[in-house]
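Below: one structure, written as structure tokens.
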Amino acid sequence: MVFPDIYDIGVSNVGLKILYDQVNQREDALAERAYAPWLDMEVLMRQHAIPLYSLESKRPWPALTWSASPSPTRRSTPTHSTSLTSLASRPIKGPG
């Protein structure tokens with residue numbers, strides 16, 4: 001699950017906590033979390049080709065099979081989500 005804001009904001013999101021817990025209670029599923037980096041860190045990650053990765057296993061986001069990205073804050077604009085997708089080196093797919 002990729003939260004489209006920094007860790008400091010995303011970690012307190014109750015909806016994300018509930019979803020994370022519910023998925024991890026299943027024996028056939030595993031949820032991992034990733035958060036948007038601060039802007040200066042995003043620049044460094046791009047310069048050094050470091051993809052967005054999960055908190056728990058440090059696996060890069062493209063290696064994960066499914067991702068959810070809640071958007072509860074003003075900062076979480078479509079542009080910001082596109083930036084995260086780009087940082088993850090993941091193709092953007094539209095409907096259909």
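Summary of computed values
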{"item": "Of all residues making up segment 1-25, the number that are free of Cβ contacts under 8 Å to residues at least 40 places away in the same chain, closer than 22 Å to residue 39 by Cα and outside any helix (DSSP H, G or I)", "result": "3"}
{"item": "Some residue of segment 5-12 being surrounded by fewer than 13 Cβ atoms within 10 Å (Cβ to Cβ), polar (S, T, N, Q), at pLDDT below 90 and out of contact with any Leu (no Cβ under 6 Å at 6 or more places or on another chain)", "result": "yes"}
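The values are calculated or read from the model by the stated rules, or taken from the named source; none is laboratory data. Only a predicted model underlies this, so the values are computations on that prediction, with no experimental measurement involved. Because the Cβ atoms are built from the backbone with ideal geometry, glycine has one as well, and the counts that use them run over all protein chains shown.
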